[in-house]
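First up is the structure itself, then whatever we jot down about it.
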Amino acid sequence: MAPPGQEDYVFAYRDSSHPACLLDAFRAFYLDGLFTDIALQAASGVLLHCHRAVLAACSSYFRAMFTADMKEKSKNQIRLPELSHAVLEALVNYAYTSQIQITKRNVQSLLQAADLLQFVSVKRACERFLIRHLDADNCLGMHAFAEHHNCLELEKESRRMLLWQFEEVWKQEEFLDVSKEKLAFILSRENLNVWKEEAAVGAVVRWVAHNVEERIEDICELLSCIKLDLDNVYLRSALSLQKKCRLNDSKIRSLVYSALKPSPKGLSKRPTATMCVVGGYYWHPLSEVHVWDPLTNAWLQGAEMPDHTRESYGVTSLGPDIYVTGGYRTESIEALDTVWIYNSERDEWAEGCPMLDARYYHCAVSLSGCIYALGGYRKGAPVQEAEFYDPLKKKWVPIANMIKGT
């Protein structure tokens, strides 16, 4: 006992290894079939003998099943015929080890199962895996998959990808099977990235031609989503190239002419193309941005470029953004890896992700939704390194060196 007026000495002990040891013990019980009180049966019929407490701790699906007034509460065996044995076993192993192997082959099945059984962390990991592997070939299918399984981040990123890479997406076989509602949604987006409006028209023509008997009635509605003056000659030519859309049918001709009615000039949903002149050199580096507006045939002053004490940078555009990459400091000829991005719609600058290699006098180009930085100079000598920037993943990726530095 401590003397009167003094508290007992307290030693607060915490074993940081205890959670891992406890999980390891449950894992051993599972492998040895000890103290198990529930069996899960997948489509193959093979039983997995588990512990209710472990399953309920990892899955709100099982927690509700074992605690609510459901018939499964008193059962010793739960059938899950919609799941394969491999996927169910992978989730059970995760419950006992906190580890799971996600591959391109199993990721969609795992996500579906994790969504059904409410293994939230596994579903989130599968979603991140799919986002990392998004491209123009799969983004349309991934968008539908994300909507079906309520994967908000995957839906957002796949939507960005299919809108950004639309000129590649509409040429895919998968595009032919999208619903009219989905196609109308895509065409009506303000951030649909098409170099020319003919690409959007071509997408509609290809989609209609795939099943002209059922889809020709939709052509007027879909073309109206583009909300631009459509060229009569171009559209008739595009349709005539599709064997199933020959304009010798009076019904088709009537629908096309209806779609070709010019829309009011003010309804154009995409901004008019402009020309920008960024920086330059006149006795010293310039920071001005000049924008030519074709509607008024006038030059406008844009927001000045930050970090203007540099020159010999690369400039290229991607959508409404203009990328200014690299260059060197005027006073020191120090090669730079910095990137500045000018948004022509908002007239503002933002600093971008730096390049992997500093360079100046290099070539900057945009291709298939990415920015490429090729060759250039560093420390007065030509370099062979090349890289590209993926705006969706916000990172630079190295590619094969050039054969000769430039």
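The values are calculated or read from the model by the stated rules, or taken from the named source; none is laboratory data. Here the structure is a predicted model, which is why all the values come from computation and not from measurement. Cβ placement follows ideal geometry from the backbone for every residue including glycine, while neighbour counts extend to all protein chains displayed.
Considering only residues that are among the small types (Gly, Ala, Ser) and in a loop (DSSP other than H, G, I, E, B), look in segment 355-400 and name the one that is farthest from LEU163 (Cα to Cα).
First pass over segment 355-400, keeping only residues among the small types (Gly, Ala, Ser): 358, 364, 366, 368-369, 373, 375-376, 380-381, 386, 400.
If we keep only those that are in a loop (DSSP other than H, G, I, E, B) as well, we get 358, 368-369, 375-376, 380, 400.
Details: ALA358: 31, SER368: 12, GLY369: 10, GLY375: 30, GLY376: 32, GLY380: 41, ALA400: 28 Å.
The selected residue is GLY380.
Give the residue, chosen from PHE29, PHE11, PHE35, PHE62, that is closer than 22 Å to SER121 by Cα and of a type outside the set (Gly, Ala, Ser).
Exactly one residue qualifies, and that residue is PHE62.
So which of ARG27, ARG14 is among the charged types (D, E, K, R), modelled with pLDDT of 90 or more and surrounded by 14 or more Cβ atoms within 10 Å (Cβ to Cβ)?
Working: ARG14 fails: surrounded by 14 or more Cβ atoms within 10 Å (Cβ to Cβ).
Unique residue meeting the criteria: ARG27.
So SER59 fits all but one of (1) more than 30 Å from ALA146 (Cα to Cα); (2) in contact (Cβ under 8 Å) with a residue 60 or more places away in the chain; (3) not β-branched (Val, Ile, Thr); what number is the exception?
(1)
Among the numbered conditions (1) surrounded by fewer than 14 Cβ atoms within 10 Å (Cβ to Cβ); (2) among the basic types (Lys, Arg); (3) assigned by TED's automatic domain parsing to the domain that holds HIS284, tell me where ARG359 comes up short.
Only one criterion in (1) surrounded by fewer than 14 Cβ atoms within 10 Å (Cβ to Cβ); (2) among the basic types (Lys, Arg); (3) assigned by TED's automatic domain parsing to the domain that holds HIS284 is unmet by ARG359, namely (1).
Scan segment 95-102 and give yes if some residue there is more than 29 Å from LEU134 (Cβ to Cβ), in a loop (DSSP other than H, G, I, E, B) and of a type in the set (Phe, Trp, Tyr), otherwise no.
no
Consider VAL289 carefully, then state whether it is over 30 Å from ILE226 (Cα atoms) and either out of contact with any helix residue (DSSP H, G or I) (no Cβ under 7 Å at 6 or more places or on another chain) or not assigned by TED's automatic domain parsing to the domain that holds GLU351 (or both).
yes
Across segment 258-277, which residue is modelled with the highest pLDDT among those that are out of contact with any Ser or Thr (no Cβ under 9 Å at 6 or more places or on another chain) and assigned to a strand (DSSP E or B)?
Within segment 258-277, the match that is modelled with the highest pLDDT is VAL277.
Exactly one of these conditions fails for ASP137: (1) part of a loop (DSSP other than H, G, I, E, B); (2) without any contact (Cβ under 8 Å) to a residue 12 or more places away in the chain. Give me its number.
It is condition (2) that ASP137 fails.
I'd like the full set of residues that are touching a residue at least 40 places away in the same chain (Cβ under 8 Å), within 25 Å of ARG159 (Cβ to Cβ) and hydrophobic (A, V, I, L, M, F, W, C), limited to segment 371-396.
ILE371, LEU392, TRP396
Among what's in segment 84-133 and is farther than 19 Å from LEU23 by Cβ and among the charged types (D, E, K, R), pick the residue that is nearest to the chain's Cα centre (by Cα).
ARG132
Please specify each residue of segment 152-196 satisfying the condition of being in contact with a Leu (Cβ under 7 Å, 6 or more places away or on another chain) and among the polar types (S, T, N, Q).
Matches in segment 152-196: SER158, GLN172, ASN191, ASN193.
Can you find a residue that is closer than 30 Å to LEU23 by Cβ and of a type in the set (Asp, Glu) anywhere in segment 151-167?
yes
Counting only residues that are in a loop (DSSP other than H, G, I, E, B) and at pLDDT 90 or above, which one in segment 173-204 is farthest from the chain's Cα centre (by Cα)?
SER179
Among LEU111, LEU88, which is of a type outside the set (Gly, Ala, Ser), closer than 15 Å to PHE129 by Cβ and in a helix (DSSP H, G or I)?
Just a single option satisfies the conditions, and that option is LEU111.
It is to be established whether one or more residues within segment 51-62 are of a type outside the set (A, V, I, L, M) and over 36 Å from the mean Cα position of the chain (by Cα).
For segment 51-62, residues of a type outside the set (A, V, I, L, M) and over 36 Å from the mean Cα position of the chain (by Cα): present.
Is at least one residue of segment 62-75 within 30 Å of ASN193 (Cα to Cα) and in contact (Cβ under 8 Å) with a residue 40 or more places away in the chain?
Within segment 62-75, not a single residue is within 30 Å of ASN193 (Cα to Cα) and in contact (Cβ under 8 Å) with a residue 40 or more places away in the chain.
Under 8 Å by Cβ, and 6 or more places apart or on different chains, what pairs join a residue from segment 33-54 that is over 15 Å from ARG79 (Cα atoms) with one that is small (Gly, Ala, Ser) and surrounded by fewer than 17 Cβ atoms within 10 Å (Cβ to Cβ)?
LEU34/ALA28
Checking the condition at pLDDT below 75 and assigned to a loop (DSSP other than H, G, I, E, B), which residue from LEU255, LEU295 passes?
LEU295
Please go through (1) in contact (Cβ under 8 Å) with a residue 12 or more places away in the chain; (2) assigned to a helix (DSSP H, G or I) for ARG124 and return the number of the only condition it doesn't satisfy.
(1)
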